[in-house]
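First the structure, in the form of structure tokens, and then the observations on it.
The values are calculated or read from the model by the stated rules, or taken from the named source; none is laboratory data. Since the structure is predicted, the reported quantities are computational estimates derived from the model, not experimental observations. Glycine also receives a Cβ, built like all others from the backbone with ideal geometry; neighbour counts cover every protein chain displayed.
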């Protein structure tokens, strides 16, 4: 029986050696991250569990070898020695945990000393889960250059397309965006229009017939720039003022209808010559109704006016059936944003633009604020940066990026719109006193 007990004690000693090997490995890995600290704590729990197990074994051995006087003291001494070694190992492991904790604290202080923050920063993600849309209304008309740079940086960073959002009811929006893209070297297929009026007018198939001049023109004359044709019709007293997009007279943009010299109606046409909208005026010359048409030729929206103020909006489906009423176009836009805006996308806009901030908050959108040096001079805006949970930003340059890193209170991803991604010179920071090597 004594031989059996000695075998068990030898097994205990072998486990002690194994634990010592594990302890040595832990000491070598003391510079690992907080995960290593957790591992140390787990090891300590295992050791304490082993101590409890061995203490029970010791008690069992003492009871079992009472009848064997010669082996009794030897077994007890060996068990006591094992317990003493394990307790020493426990103290050493606790010391390793304290050192790891101190290292983490010193490392955090080092990061604050070097970079002003302990949070991490990375590049703006460019993957299938991140679709970016630029709020044109937040940049124009005063910040067109920043708008251009943001668009080019997104495309250069890997975006297949850049969304362009505007809330304005402007039938010329597609034409204006096409001209803007061409003027700035951006391909048409790299831009996606996000606009309530445009989306509604683009429903269905483009089956409407393009505009052409009436056949009953009695007389006509051109303006000096050869872009406007004044035509008088036969058999009535109507005059048409026909506006072309260019002096080549290839595409009609607008037709004014005048009777007895008084404007009665204006018709607007898209690039394909399809009727987009009519503006109808009352006898007093005031705007009374706006009619917006889809590219299928069906009525889409009717806006009514009373003395210059909107007093009702009607929305029609693709078959021309009235499906909804709104107080005004702002009410319609709010409804459209809630039901048709791609809410999974990320909207980029200037943080100092109040309408952009309200839009992101009201519609609960994923905002990507654009930050420049002027933004960081505004204490109210800096307060917004410090107290929100936004993680994605666009910065004007590396200096703004550095300041933004210090202001943000969490990990952030940043895209810079200039060509410099890092400061031109980085001096080696001085180590703080501590265990960081």
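At a glance:
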| quantity | calculated |
| --- | --- |
| Enumeration of residues in region 306-326 that are surrounded by 15 or more Cβ atoms within 10 Å (Cβ to Cβ) and touching a helix residue (DSSP H, G or I) at 6+ places or on another chain (Cβ under 8 Å) | 310, 313, 315, 326 |
| Enumeration of residues in region 337-362 that are in contact with a strand residue (DSSP E or B) (Cβ under 9 Å, 6 or more places away or on another chain) and more than 26 Å from residue 377 (Cβ to Cβ) | 341, 342, 343, 344, 345 |
| Filter result (in contact (Cβ under 8 Å) with a residue 40 or more places away in the chain and in contact with a strand residue (DSSP E or B) (Cβ under 6 Å, 6 or more places away or on another chain)) within region 160-173 | 163, 165, 171 |
| Of residues in region 156-165 being closer than 20 Å to residue 350 by Cβ and at pLDDT below 95, the one surrounded by the most Cβ atoms within 10 Å (Cβ to Cβ) | 159 |
| Test set (1) surrounded by fewer than 16 Cβ atoms within 10 Å (Cβ to Cβ); (2) under 20 Å from residue 155 (Cα atoms); (3) in contact with a helix residue (DSSP H, G or I) (Cβ under 9 Å, 6 or more places away or on another chain) - residue 179 fails condition number | (3) |
| Residue satisfying condition, being within 28 Å of residue 167 (Cα to Cα) and surrounded by fewer than 12 Cβ atoms within 10 Å (Cβ to Cβ), within set 246, 329 | 246 |
